[in-house]
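Undergrad: Provided herewith is a single structure, encoded as structure tokens, for subsequent inquiry.
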Amino acid sequence: MNRPVYLEIKSSVFKDIYEIDEGSIYNFQTYLAGIWSRSESTITIHSPIDNAVIAKVPRLTWKDVDPILTTIYKKGRWKVRGIPGDKRLDMLHKIADLMEKYRDDLAHVLMINAGKTSKQAHGEVEASIERLRKSELDVRKIMGEYVPGDWSDHTLESEGIVRREPYGVVLAIIPFNYPLFDTVNKFTYSVVAGNAVIVKPPSYDPLPVLLFARIVEEAGFPKNGFAVMTIPGRESGKLVSDRRIQVISFTGSTETGIAVIREAGIKQFILELGGGDPAIVLKDADLNLAAEKIAIGMTSYSGQRCDAIKLVLCERPVYDELKEKLVSNLSKIKVGDPRENSVDMGPLIDPSTVDEMLNAVSEVVEKGGRVIYGGNRLGPTYVEPTLVEVEDKKVLLSLKLYRDEMFAPVALITNVKSVDEAIELANARRYGLDAAIFGRDIDKIRKLIRYLEVGAVYINEYPRHGIGYYPFGGRKDSGISREGIGYSIEYVTALKTIVYNYRGRGIWEYI
């Protein structure tokens, strides 16, 4: 990390939303229903690459937020809803075209602000563009139903239509790990359905969201139907609980999700919460494939993914061989400055996350486990990918690394005597997001599929939600509802039943 870290936004389309001070710090405005605005105080933004200050964004207060929410509720939601569906799709496609045009700036900001490698940053931009262009697939779930009345004596000579219509205003609360894609995804399914959108960006890395807001404005989206409210999470209680917000789409930790539910009251929720997935390796698995996939699943974006692999359960006959191959794969991962093309894994989002991970690893060692790879800090925000072995299952159940989600590149590994034991250990965790199974025995695989209490099962693949082509979301403490193309529509639209009465008008003649 010898090169200084600084932002360099090149496209002129963004020049009006920030000023650069003498220290090369970008002072951004935020987008509030058509107006780019400053505030009396600011949030300082650091790069996880070397903790350098790279930008400042407005720190909004309720005094700033309340009138904007009024504008969106009274005007914006009706403006967005009033755009014909095919025109909304056209607008989303135009946003995709503009993101394509400005993709280099978007990727650069993801690298500097979120600490992503070049490959990861460009991949997130590409996924965001593809999500917008797949918006037609969301439409399939907007269609309603016709209900004939002649299946009950009470409804003879009537008929009903069940339609879906937008709730009105969706609050999208964005996590730091995919600030651009999660914003685009939530924006897309909310707008396809005809909702106005308020985004609460992550305080760690809001800059990709602000660039996206400028692109949305450039595409001609209704000004009073969209806002980015840069308010710290711990100060957003009034926004979450406001009755003008009808839907909350939140991605983040389980603890924050519980707090959101308590604050919000009666609303519609899409909550994609904590995870940390198990990978179950059967004795007939392709161990080279399993080791390669598990290593990627552990370390992609430094393990800061809700679908990252955190627990490896392997049948005893192949346990030692899998360990050897997994260590070999982990040893090939180069950790360092994400701006270097040869780097596979960059920094964690802040130093305290490294502290938390290493403290949890120390607990394992204190209780009789052992580090079989990694475990060393490489800098304030850098750490080796780490694999920790625990043989005693009672000890395993007591560990923080087992009980809680650790947003870092670390996983526990242990052997299991049977599929039943693997199911028991996987299900005993409070999370139920995904699971991965590596093997060929279809009977065992089918049993695992049936009994694992998770939202998705990946066969011979590490969990990867991608653009949401397949729906994803969890059970237990991993969330409520589903995100995914065509599936989230069900949670940002309200069912409305219309009953037409024709009694005595001779339209139907019944026997």
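Coordinate-derived values only; no laboratory data. Since we're looking at a predicted model, the values are computed, not measured. Because the Cβ atoms are built from the backbone with ideal geometry, glycine has one as well, and the counts that use them run over all protein chains shown.
Undergrad: Multiply the residue gap between Ile449 and Leu156 by 0.36 nm, knock off their C-alpha separation, and tell me the result in nm, one decimal place. Show your work: numbers first, answer last.
TA: Working: separation 293, 0.36 × 293 = 105.48 nm, distance 4.45 nm.
Taking Ile449 through Leu156 to full extension adds about 101.0 nm, to one decimal.
Undergrad: Let me ask another. Kindly rank 407-419, 451-463 from highest to lowest mean number of other beta carbons found within 10 Å of each residue.
TA: Sorting 407-419, 451-463 by mean packing, highest first, produces 407-419, 451-463.
Undergrad: To continue, here is another question. In whole percent, what relative contact order does the stretch 109-170 give with Cα contacts below 8 Å and a gap of six or more residues? Can you show the working numbers first?
TA: Details: 37 pairs, mean separation 13.2, N = 62.
Once divided by the residue count of the stretch 109-170, the mean separation gives 21 percent.
Undergrad: Then there is this: Between Lys74 and Ala494, what is the spin-label point distance in nm, taking each point 7 Å from the Cα along the Cα→C-beta axis?
TA: 2.0 nm
Undergrad: Loop-only trypsin sites (Lys or Arg not before Pro) in the stretch 216-255, please: DSSP not H, G, I, E or B, and at most 16 other Cβ atoms within 10 Å.
TA: The qualifying sites are Arg243, Arg244.
Undergrad: Okay, moving on. Once you've got the Cα coordinates, tell me which of Lys283/Lys334; Lys15/Lys134; Lys79/Lys223; Lys63/Lys238; Lys310/Lys476; Lys393/Lys447 are over 19 Å apart.
TA: Exceeds cut-off: Lys283/Lys334; Lys15/Lys134; Lys393/Lys447.
Undergrad: Figure the gain on full extension for Ser398 and Arg316 (residue separation times 0.36 nm, minus the Cα-Cα span) and round it to one decimal in nm.
TA: Gain in length upon complete extension: 27.3 nm.
Undergrad: What does the extension gain come out to for Glu100 and Glu145, with contour length at 0.36 nm per residue minus their alpha carbon separation?
TA: 12.5 nm
Undergrad: Arrange the following residues from fewest to most other Cβ atoms within 10 Å of their Cβ: Ile442, Ile449, Ile245, Ile333.
TA: Ile442, Ile449, Ile333, Ile245
Undergrad: Counting DSSP beta bridges with both partners in the stretch 277-459, what percentage is antiparallel, nearest 5?
TA: Given both bridge residues lie in the stretch 277-459, the antiparallel proportion sits at roughly 20 percent.
Undergrad: Also, quick follow-up: Using the number of other C-beta atoms within 10 angstrom as an exposure proxy, rank Trp151, Trp508 with the fewest first. Could you put the intermediate results ahead of the total?
TA: Working: Trp151 9, Trp508 14.
Final ranking by Cβ density, sparse to dense: Trp151, Trp508.
Undergrad: Can you tell me which of 74-80, 492-498, 16-22 comes out highest on packing, and rank the rest after it, using the mean Cβ neighbours within 10 Å? All intermediate terms of the calculation are to be shown ahead of the outcome.
TA: Values: 74-80: 19.3, 492-498: 15.9, 16-22: 13.0.
Put in order of decreasing packing, that is 74-80, 492-498, 16-22.
Undergrad: While we're on this one: Measuring from label point to label point, each 7 Å out along Cα→Cβ, what is the Glu218 to Ile258 span in nm?
TA: Calculated label separation equals 4.3 nm.
Undergrad: What is the distance, in nm, between label points placed 7 Å from the Cα along the Cα-to-Cβ direction at Val343 and at Glu126?
TA: Here the answer is 2.0 nm between the modelled labels.
Undergrad: Taking every pair of Cα atoms in the stretch 277-459, average 1/r, invert it to obtain the Kirkwood radius, and report Rg/Rh to two decimals.
TA: 0.95
Undergrad: For each of Ser190, Ser249, Ser12, Ser241, count neighbouring Cβ atoms within 10 Å of the residue's Cβ, then give the residues from fewest to most.
TA: Ser12, Ser241, Ser249, Ser190
Undergrad: Classify the chain from the C-alpha gyration tensor, please: rounded if a/c falls under 1.5, else prolate or oblate depending on whether a/b exceeds b/c.
TA: Note, shape of the chain comes out oblate.
Undergrad: If you keep only loop residues by DSSP, which trypsin sites (Lys or Arg not before Pro) in the stretch 285-348 have at most 16 other Cβ atoms within 10 Å of their Cβ? Could you put the intermediate results ahead of the total?
TA: Working: sites: Lys293, Arg305, Lys310, Lys323, Lys325, Lys332, Lys334, Arg339; in loops: Arg305, Lys332, Lys334, Arg339.
For trypsin sites (Lys or Arg not before Pro) across the stretch 285-348 that sit outside H, G, I, E and B with at most 16 neighbouring Cβ atoms in 10 Å, the list reads Lys332, Lys334.
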